[in-house]
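The structure under discussion appears below in the form of structure tokens.
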Amino acid sequence: MNNIRPILQMTGIHKQFPGVKALSGVNFRLFPGEVHALMGENGAGKSTLIKVLTGVYSIDQGTVDLAQKTIKINSPQDAQSAGISTVYQEVNLCLNLSVAENVYIGREPRRFGRILWKEMYRNAEELLKKRMNLEIDVTQPLHTYSVAVQQLIAIARALSISAKVLILDEPTSSLDRGEVVQLFSVMTRLKSEGLAILFVTHFLDQVYDISDRITILRNGEFIGEYMAKELPRIELVSKMIGKDLHLLEEIPNISSGERVKDEVLLQAANFGKRGSIEPIDLTIHRGEIVGLAGLLGSGRTELARLIFAADRADSGEIKLSGSKGAIQTPRHAIDQSIAFCSENRKAEGIIDDLTVRENIILALQATQGWFKTISRKRQDEIADQYIRTLNINPPNPEHLIKNLSGGNQQKVLLARWLLTQPKLLILDEPTRGIDIGAKAEIQRLVLSLAQKGMSVLFISSELEEVLRVSDRIVVLRDRRKVQEMIGDDISQKNVMTAIAGG
Amino acid sequence: MLKHHLFWPLTVLGALLLFNLLYAPDFFSIIMRDGHLYGSLIDILNFGSPLIIVAIGMTLVIATKGIDLSVGSVVAISGAIACLTISQGDGQNAVSLVFIAIGIALVLSIILGVWNGFLVAGIGMQPIIATLILMVAGRGVAQLITDGQIITVSNEPYKYIGAGSLATLPFSIFIVAALFLVASILTRKTSLGLFIESVGCKPEASRLAGIRSKTVMFAVYMFCGLCAGIAGLILSSNVSSADGNNAGLWYELDAILAVVIGGTSLNGGRFYLMGTLIGALIIQTLTTTIYMIGVPPEITLVVKAIVVLVVCLVQSESFRKTLISRWKTRHYPAESEVKQHA
Amino acid sequence: NTEKAPANASKPEATKESTSATKAPAATPADKKITLGFSQVGAESGWRTANTKSVQDSAKEAGFDLKFSDAQQKQENQIKAIRTFIQQKVDVISFSPVVESGWDTVLKEAKDAGIPVILTDRAVDSKDTSLYQTFIGSDFVEEGRRAGKWLVDTKKDAKEPVNIVELQGTTGSAPANDRKAGFEEVIKSNANLKVIASQTGDFTRAKGKEVMQAFLKAHKDIDVLYAHNDDMALGAIQAIEAAGLKPGKDIIIISIDGVKDGFVAASEGKINFIVECNPLLGPQLMQAVRDVVAGKQLPKRIVTKEGVFTSEDAKRELPNRQY
Amino acid sequence: MLKRQYIPILVTIGLFALMFTIGSFRYTGFFSLQVILNLLIDNAFLLIAAVGMTFVIVSGGIDLSVGSMIALTTMVSASLVQAGWPPQLVIPLVLAIGSLFGWGMGAVIHYFKIQPFIVTLAGMFLARGLCYVISINTITIDNAFYTSVAQTKVNLPGQNFISISVIIALLVVFLGFYMAHYTRFGRNTYALGGSEQSSLLMGLPVGRTKMTVYMFSGFCSALAGVVFTFYMLSGYGLHAMGMELDAIAAVVIGGTLLTGGVGYIVGTFFGVMIQGVIQTIISFEGTLSSWWTKIVIGILLFMFILLQRLFSGRSWVHRR
Ligand SMILES: Nc1ncnc2c1ncn2[C@@H]1O[C@H](COP(=O)(O)OP(=O)(O)OP(=O)(O)O)[C@@H](O)[C@H]1O
Ligand SMILES: Nc1ncnc2c1ncn2[C@@H]1O[C@H](COP(=O)(O)OP(=O)(O)OP(=O)(O)O)[C@@H](O)[C@H]1O
Ligand SMILES: [Mg+2]
Ligand SMILES: [Mg+2]
């Protein structure tokens, strides 16, 4: 293999942000016909390396060679015309445009300069069906679809651009297993066609499933480049974190019997909303972790939003123990000690212009009202505490949240909701984009909170995760509750069968 | 220090003052006359005070991603109703009458602010069109109050608001100081400021974080109305008359300009009250300078345009970078602006 | 000229277009009210409001059906209003043009529709004078000249230069341009009279005060203030007083319009000379309308009666002022 | 098949019809084709300017220089034509000036990342100021070409007529519609308004699009200025005072979101017409004093937007 020349070579890349050294002396090679995984903890510099490559940020120092020629890329547009097609970590599409346009904008089919809409819709429909197995109305504006669908569309867009290099920055973070398999089969085919693929993920399984080569970054520094076959899992992890750790094994398996009280916390009866989720019955006990399992678009997010009153339900009702009437608004829900950590971190989570500290205290402050201000000293204490517990990096509470890496933003949002000490915590894809170390940390945290009496509604596309933490699993399919299982019934096989509709 | 958000506005203000100093050395001279200070700088503060006050209110509105075009009309209405009350009351010089007049004017301004807030937060109209309604109709209301005439009042206590002096300084400066203090405390010592910035930056995310964004919007439009009302009192009291048609004409533009020069973005989010204050002073200083150095009225606007552009350019980081890089090297890849972590 | 003939003299043998008012068949021709469409500039000043009132009151008195439309200071709105009048088939159209130019098209349309037009307050610069019947109003240039003339007379013995500051009206507006031009034309005759500063005060008190305040700082030896209207002069007086000077004594003040507040100031000696610009055109307009409908030939120009007032005159005249 | 996103437009059109009907019942002479045609004749320039403004607002910006640019165009046209330049030269020249002016503002906005509001505010001051530099008096045009274009009536059946300007305006509306929906530039504009950052990352020519948008708006303002010159037959520094607000209002009434990314040229067309109808109703009313005129305009505007919102439901502002 050594006689093949890399199509892309980055040497000695440095990138400095105000106060943060994001990349220092990073080398990276990408070979045609290979999938190359870029690994590292949250904030290691993966996304930055990609953005530097595609001209979103300028390079402070270092060179980029494309097909043995040193090139200068000043904008994503340059990158695209140089044959680099990218899916960025956050979905970067235009919510106001139709699905088809989002796939084709900039490359619309035209005749005499006139855009052929019919053809575009047809192409888009075909593409999404063939490549992504997604059958949706492509004429609808993008904002009507969930983040996961948006992510699929972003991938479809990147795939449809004929390029030499394909970059996928955590494309699978909110996809379920089936979608991932689908994506991998496409990637394998492209690989065999000679495309060079850069792939970022925090799922080790996926790394070993698909990639040939691995580059590891830590704290913006280059650790090494390895062939996937030659790097054992445990070594990969220790190289990423910089120390040996037996992560996943450590999660305490507290049996749910000790934790779950008989006391009912929330009881939903015939609860639903037309066009979004069919009436459902759901009970959550105090101290219980209820997992929601289902495929993409099965209605998990929808249900969570209804419970939190982010959307208004139109049938049934929710009874909350000790509640004073129906929940009308999110604010109301928070007052009743419900917290909801949205899957859509970019649009519904972070407040870009505010600092990490302000983002953390926001929900708590909101419940306290305008005048009962949390003192600055207390705010600093809180921020420091959560930065330490969740290992938020850089550990500076005055950093603007928009400048944090994706995974670290997610941790800040978790901190925001944990701080309100809710009775019911709804977590929608809480570990989205979070590295393995932190993921285990968060799972442990959830369990220990439940131990203290908090109830959790846990949604994740990663089935293993749901299985690991849940006391009870509710399976949704086609926006309906199809099954509910407790205790010994819970097994990967059972859940999978229920999801698939067996 | 270069990084501080007030650095460039202050530099511009300094440069303007320096220009005046070079042009007319006695620009800075302040003398004592009849027990109060007298000089161009005092004039700038005095005439600038209504603008500063309106701009303070505007800052908060803009921070919520809104805009209030109706401030000019509210200025006119408040002045008109106050003068009408005084001119119709008996005992023109009674202090109590003045207080009643002020009370009526301010209550009316707050009501108008609430109206704006209702349209924006309650009904959900786009701020620019919601406030445009009051901008158009409000001017009519002001003229309705004055019956299209200029109401002249000769009431000494009333005159004191805008033209009197306290401890040798114009009284209006104290109003500004008080209001600035109130606004700062309200936004920085309570969590209102945090909520405003949060709502302005991401309304949906704020709603899910449990912030009552509608109440926040109501509050800022109400406050903005109040500010405009106070400015209207100062303006009308300064000339002891109320002019429904002309008072506060185009004030909204100057106020928005002041806010933006001060570093607050029209896209909402972070706001800087101190920046706004300096922005308003820049505008007033510029106006006074134009009068002082005798710029012919035909080219006043051209001068103003150039100064506004220069002010914005020096504040623009990309512009400074381009300048510097032109000096140092021949080419420099422009850092693309990326607002969010992608 | 305020008293007028109130006889309701709508003539049955009106011009042919009145027959087109088909929507009121019940009324006999003899009872038919004359419909007058009047497009006002706006309500930018007390002067203008007085003008509007005068038109409205005298139309009521004359028993006309007045269609009043306010253009909010915009010429395009006035043109729209005139089009609407044509559409409504009024008997006579009258308007105070915002500016002099740009009326030909719409006036032709009015002519084509057979509706006579009367101009008030300001002329239009149409070459084709058949487009309108007559013009009732004052002459801004002449007002400027009168102001200048008084100053030239008063200062004819001056040996030293006389420093004049000028507060202009809204930049570019016709009264501002003309009052400035007329004034300059006359004071040219005396080399001692010099305008040392001239700035716009937008016809308002607040601006007048602000600009005057700056003038007083920038120029130490101002002898005369010429303000394009009373409001700016009134604002300037406050600035002068704040500077510890005596308006009317330390600085001679000349202004135009003659609104009531101006007269009050003049009678107190704070304004030395006022050139009147009479807004009460209503009665004259109604007479003209009646004549036009009756088919009489009118002179192309009807001049309004306007006076000039010194402080003493003002004291005498003050009780008679109604606006 | 009725798509949700078209509901606001249909509601707008419906309300326009409603207003017109009410006017027809209330005032004699109101119900005629010519009244509608007069709306076009009297608002041709506003229509043209509003089309340009629609693009700017859809792209997420704003252009305050529109009114001043119109004034500047009338001024330059008038002074050159009166100086003996042929109209065939003057008209392309002013259009070029307008486009260049707009492009310049766009360039400043893009390269130096200054907020559009401020840049175009400076542009507004500058253009207005340049008018006064040319002359503070009005300049009347008596050029044969201009007067004939101004006074030509294009006759329609039944004694109705429109002016040449109306034809120009309708062409611009059509062009705007085509550009918005069938060209890459148009779609890029929508994308830009949806999210500038996403557009950038999707590899769209953000800078070029932005500058073109302002250039187009500048062009439209200049063309509106030309039409305005036909309308007024004069150049004057105080022309079209505050027309940017009329244009913005028309665009917003027509359903375009000021935050960018959503908007319709057809909506803008009706936005202009609705403003025209409000004006006409007030003229026909004929008894309103100056201040009541303003108040009634405000009330009508308020009622219109309220009804528009009521009928088009919550989907009006989409979830973000
Ligand atoms: N625009 C920016 N301004 C300042 N700092 C930044 C900016 N973008 C990224 N950083 C910092 O650079 C570092 C690397 O971030 P990057 O996004 O590359 O991490 P990552 O490896 O992609 O992490 P994750 O797995 O969480 O996505 C982080 O410390 C981050 O805070
Ligand atoms: N495969 C699909 N085909 C068609 N529509 C889909 C699909 N996946 C998602 N959607 C749409 O996405 C919307 C959001 O669904 P929802 O957010 O409830 O899904 P979910 O179960 O939370 O899954 P996820 O969050 O993983 O998307 C639904 O309204 C649905 O119309
Ligand atoms: Mg990343
Ligand atoms: Mg989901």
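No value in this document is a laboratory result; all are computed from the given coordinates. Everything numeric here is computed off the predicted structure, so don't read it as measured data. In this analysis, Cβ positions are derived from the backbone assuming ideal geometry, glycine residues included, and neighbour counts consider all displayed protein chains.
Observations
- Across peptide A:342-351, the average count of Cβ atoms from other chains found within 10 Å of a residue's Cβ is 5.
- Inter-centroid distance (Cα atoms) of region A:103-117 relative to region B:171-218, Å: 46 Å
- Long pairs among A:Lys273/B:Lys65; A:Lys72/A:Lys346; B:Lys159/B:Lys304; A:Lys191/A:Lys411; C:Lys80/C:Lys207; C:Lys60/C:Lys89, criterion Cα-Cα beyond 24 Å: A:Lys273/B:Lys65; A:Lys72/A:Lys346; B:Lys159/B:Lys304; A:Lys191/A:Lys411; C:Lys80/C:Lys207
- Cα-based Rg of region D:163-235 normalised by 2.2 N^0.38 Å, two decimals: 1.36
- When both bridge partners sit in the protein assembly as shown, DSSP labels roughly 45% of those beta bridges antiparallel.
- Residues A:Ile234, A:Ile223, B:Ile31 in ascending order of nearby Cβ atoms (within 10 Å, fewest first): B:Ile31, A:Ile234, A:Ile223.
- Note, ³J(HN,Hα) from phi for region A:57-74, Karplus 6.51, -1.76, 1.60, rounded to Hz, x at Gly and Pro: 10, 7, 8, 6, 7, x, 10, 10, 10, 10, 6, 6, 10, 5, 10, 10, 10, 9
- A straight line joining the Cα centroids of region C:200-258 and region B:1-66 runs 24 Å.
- In this simple spin-label model, placing a label point 7 Å from the Cα along the Cα-to-Cβ direction at both B:Glu156 and D:Ile7 gives a separation of 6.5 nm.
- Of the trypsin sites (Lys or Arg not before Pro) in region A:400-456, the ones in a loop by DSSP (not H, G, I, E or B) with at most 13 other beta carbons within 10 Å are A:Lys452.
- For region D:4-310, the relative contact order is 36 percent, taking Cα pairs closer than 8 Å that sit 6 or more residues apart in sequence and dividing their mean separation by the residue count.
- Calculated on C-alpha atoms, the gyration radius of region D:197-313 divided by its Kirkwood radius gives an Rg/Rh of 1.05.
- Applying the criteria of a DSSP loop state and at most 11 other Cβ atoms within 10 Å to the chymotrypsin sites (Phe, Trp or Tyr not before Pro) of region A:110-162 yields A:Phe112.
- Across region B:7-294, the fraction of Cα-Cα pairs farther apart than 36 Å, rounded to a whole number, is 16%.
- Projected over every direction and averaged, the convex hull enclosing the alpha-carbon atoms of region D:4-310 yields 16.7 nm².
- Per the Debye calculation on chain A with a single equal scatterer at every Cα and no solvent contribution, log₁₀ I(q)/I(0) for q = 0.05, 0.13 Å⁻¹ amounts to -0.20, -1.35.
- Between the Cα long axis of helix C:230-242 and the first principal axis of chain C there is an angle of about 20°, rounded to the nearest 10.
- A cut-off of 5 Å between modelled amide H atoms, ignoring neighbours fewer than 5 places along the same chain, links C:Ile136 with C:Leu119, C:Thr120, C:Asp121, C:Ile302.
- Nonlocal amide H pairs with A:Glu221, under 5 Å, H built at 1.01 Å: A:Ser24
- Principal axis extents of the C-alpha atoms in chain C (largest first, rounded to whole Å): 72, 39, 31.
- In order along region C:52-66, phi translates into HN-Hα couplings of 4, 4, 4, 5, 5, 5, 6, 5, 5, 4, 7, x, 7, 8, 9 Hz, rounded to whole numbers, per the Karplus curve 6.51 cos²θ - 1.76 cosθ + 1.60 with θ = phi - 60° and x for Gly and Pro.
- Cα-Cα pairs of the protein assembly as shown separated by more than 68 Å (percent): 16 percent
- When shorter helices are ignored and each DSSP H run of at least 4 residues is given -39500 (n - 2.57), the per-residue value for chain A at 222 nm works out to -10000 deg cm²/dmol.
- Each residue of region A:282-293 was assigned a 3J(HN,Hα) from its phi angle through the Karplus expression (A = 6.51, B = -1.76, C = 1.60, θ = phi - 60°), giving 8, 10, 10, 8, 5, x, 9, 10, 9, x, 9, 10 Hz with x at Gly and Pro.
- Interchain or long-range residues, amide H under 5 Å from C:Ile252's placed H: C:Val224, C:Leu225
- Alpha-carbon Rg/Rh ratio, for region D:200-247, with Rh computed the Kirkwood way: 1.20
- Per-residue [θ]222 nm for chain C (sum of -39500 (n - 2.57) over DSSP H runs n ≥ 4, rounded to 500): -12000 deg cm²/dmol
- Proximal aspartates and glutamates relative to C:Lys33, as straight alpha-carbon distance under 19 Å, when same-chain residues fewer than 8 apart are discounted: C:Glu13, C:Glu17, C:Asp57, C:Glu61, C:Asp65, C:Asp91, C:Asp291, D:Glu285
- Taking the helices alone, chain D has a mean residue ellipticity at 222 nm of -25000 deg cm²/dmol, built from -39,500 (n - 2.57) per DSSP H run of at least 4 residues and averaged over all its residues.
- Taking other C-beta atoms within 10 Å as the exposure proxy, D:Ser165, D:Ser217 rank D:Ser165, D:Ser217 from fewest upward.
- Average other protein chain Cβ within 10 Å of Cβ, residues D:230-240: 6
- Dimensionless Rg ratio for region A:120-217, taking C-alpha atoms and the 2.2 N^0.38 Å reference: 1.09
- With neighbour counts taken as other beta-carbon atoms within 10 Å, the residues C:Lys270, B:Lys214 rank, fewest first, as B:Lys214, C:Lys270.
- Neighbouring partner chain Cβ atoms per residue of A:95-103, average, 10 Å criterion: 5
- Remark: region A:92-169 projects, on average over all directions, an area of 5.3 nm² (convex hull of Cα atoms).
- Cα-based shape type of region D:94-229, given that a ≥ b ≥ c are square roots of the gyration tensor eigenvalues and the cut on a/c is 1.5: oblate
- Seen through its C-alpha gyration tensor, with square-root eigenvalues sorted a ≥ b ≥ c, region B:37-193 comes out oblate because a/c lies at 1.5 or above while a/b is not bigger than b/c.
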